[in-house]
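**Q** Okay, handing you the structure first.
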Amino acid sequence: MKHFLSIANATPDELKHMLGVARRLRDERDAGKANDPVLAGQTLAMLFEKPSLRTRVSFEQAMIELGGHSIIMGQEVGLGKRESVGDVAKVLGGMVHGIAARVFEHQKLIDFAEFGGVPVINMLSDESHPCQALADLMTLQDEFGADLTGRSVAFIGDGNNVARSVAILCGRLGVRFVLASPEGYEFTPQVQKQLLADAPGMDLEVIVDPIDAVKGVDAVFTDTFTSMGQEDEKQARLEAFKGYQVNDGLVSHAADHAVVLHCLPAYRGVEITDEVMDGPRSRVFPEAHNRLHAQKGLLAVLMGGV
Ligand code: CP
Ligand code: NVA
């Protein structure tokens, strides 16, 4: 694995290894032990075209805990405006040891990987959010054990960046994935084809009815109905997603032991209710905390050769 632009960049064995490293590093931390400084002398340049709390803090803290450094940049870089992505990549690649970027167009990440000469990490694009998916499946491992084969996930809402990455990772780890979305917001046939190419033989279903989707599943996922950059569509989306709220009524159709995940930020009372977010099935905050551990697993493997 040279880059982590998509879950598809890592084989199932590499994904399991990263998650295993993440859990080991977390165990060490929980026991009050410092992690080995496997990134000593290394710097990660982090570039944000969109806002962030979890991703920014988890990566910066991960670099600190693994003995490295990070440099954080925002809109001032003028990616593709002040300077081409390729030129930015060539400059950064001669100064730092890794590049992580949160961008609108996924193509920018591909350009970073082509021209940077150092490992590139996708910290969210309009197309995917693989680092989130790592933390999400790590949270399911905490619940159900390291081997998730045969488990099932229902994702209720938009067939967006988060849903796509969770779907590929589920496919690669043998987890059934059902997406319930209103018409027009589901995975397109092209996305479905790509998913099946990335995770051959995966158990994937794309349906409209959220109740059918959650029946008997081990985990219910959701995300905002209006992603960053889609603010102009907010009203139309609120209309379209009526009936897709993750509330106690919907969750009651899942397995008795089912847990609920949300990548956050959550719009409470819209895609998820307070009762569910703060209720006994919610694993939303452990999931957020797992961003730190999952990012450490990823960085240790990708940049530290662990
Ligand atoms: N879940 C997630 O990526 O959160 P941020 O947008 O705050 O980084
Ligand atoms: N789908 C959301 C995820 C936020 C972490 C977005 O892209 O805004």
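**Q** Helix-derived [θ] at 222 nm for the chain: sum -39500 (n - 2.57) over DSSP H runs of at least 4, divide by residue count, nearest 500?
**A** Theoretical 222 nm ellipticity from helices: -12500 deg cm²/dmol.
**Q** Please sort by residue number the trypsin sites (Lys or Arg not before Pro) in the stretch 24-64 whose DSSP state is loop and whose Cβ has at most 15 other Cβ atoms within 10 Å.
**A** Values: sites: R24, R26, R29, K33, R54, R56; in loops: K33.
Those satisfying the criteria are K33.
**Q** Once you place label points 7 Å from the Cα toward the Cβ at T188 and F144, how far apart are they in nm?
**A** 3.0 nm
**Q** Further question: Could you give the length gained on full extension between Q75 and D248, defined as 0.36 nm per residue of separation minus the Cα-Cα distance, in nm?
**A** Value of the extension gain: 58.3 nm.
**Q** For the stretch 42-113, what Kirkwood radius comes out of the mean inverse Cα-Cα distance, in Å? Intermediate results must be reported in sequence, preceding the final value.
**A** Details: mean 1/r = 0.0803 Å⁻¹.
Evaluated over the stretch 42-113, this radius sits at 12.4 Å.
**Q** Could you work out how far apart the two model spin labels at R29 and I207 are, taking each label as a point 7 Å from the Cα in the direction of the beta carbon, and quote it in nm?
**A** 3.7 nm
**Q** Round to the nearest 10 and give me the degree value, 0 to 90, for the angle of helix 130-144's Cα axis relative to the longest principal axis of the chain.
**A** Its long axis makes an angle of about 60 degrees.
**Q** In degrees, nearest 10, range 0 to 90: what is the angle between the Cα axis of helix 284-302 and the longest Cα principal axis of the chain?
**A** It is inclined by approximately 40 degrees.
**Q** Between 0 and 90 degrees, rounded to the nearest ten: what's the tilt of helix 107-116 against the longest Cα principal axis of the chain?
**A** Helix 107-116 sits roughly 30 degrees off the main axis of the chain.
**Q** Using only Cα atoms, locate the centre of the stretch 102-132 and the centre of the stretch 205-254, then give the distance between them in Å, rounded to an integer.
**A** Taking the Cα centre of the stretch 205-254 as reference, the centre of the stretch 102-132 is 27 Å away.
**Q** Restricting attention to the stretch 213-306, which trypsin sites (Lys or Arg not before Pro) occupy a DSSP loop and are surrounded by at most 12 other Cβ atoms within 10 Å?
**A** Sparse-neighbourhood loop trypsin sites (Lys or Arg not before Pro): K242.
**Q** Related question: With r as the distance between the Cβ atoms of A40 and M228 and R0 = 30 Å, compute the FRET efficiency 1/(1 + (r/R0)^6) and round to 0.05.
**A** Computed FRET efficiency for M228 and A40 comes out at 0.30.
**Q** Treat each spin label as a single point 7 Å out from the Cα along the C-beta direction, and report the Q61 to E105 distance in nm.
**A** Placing both labels 7 Å along Cα→Cβ, they lie 3.4 nm apart.
**Q** Okay, next question. Can you tell me the length gained on complete extension of the stretch Q235 to E14, counting 0.36 nm per residue apart and subtracting the Cα distance? Don't jump to the answer; show the numbers that get you there.
**A** Working: separation 221, 0.36 × 221 = 79.56 nm, distance 4.11 nm.
Length gained between Q235 and E14: 75.5 nm.
**Q** Normalising by the residue count of the stretch 1-159, find the relative contact order in percent from Cα pairs under 8 Å and 6+ residues apart.
**A** Reported relative contact order: 23 percent.
**Q** Contact order normalised by length for the chain, with contacts defined as Cα pairs under 8 Å and 6 or more residues apart; what percent is it?
**A** The normalised contact order for the chain reaches 21 percent.
**Q** Here is a further query. Rg/Rh for the chain: what does it come to with C-alpha atoms and Rh from Kirkwood? Write out the running numbers ahead of the final one.
**A** Details: Rg = 18.6 Å, Rh = 19.5 Å.
Across the chain, the Cα-based Rg/Rh ratio is 0.96.
**Q** Just to verify a number: FRET efficiency for D274 and M95, C-beta to C-beta distance, R0 = 45 Å, to 0.05?
**A** FRET efficiency, D274 to M95: 0.50.
Read-outs: derived from the displayed coordinates by stated rules, not from any lab. Since the model is a prediction, treat every value here as computed from it, not as a measurement. Glycine gets a Cβ as well: all are built from the backbone with ideal geometry, and neighbour counts include every protein chain shown.
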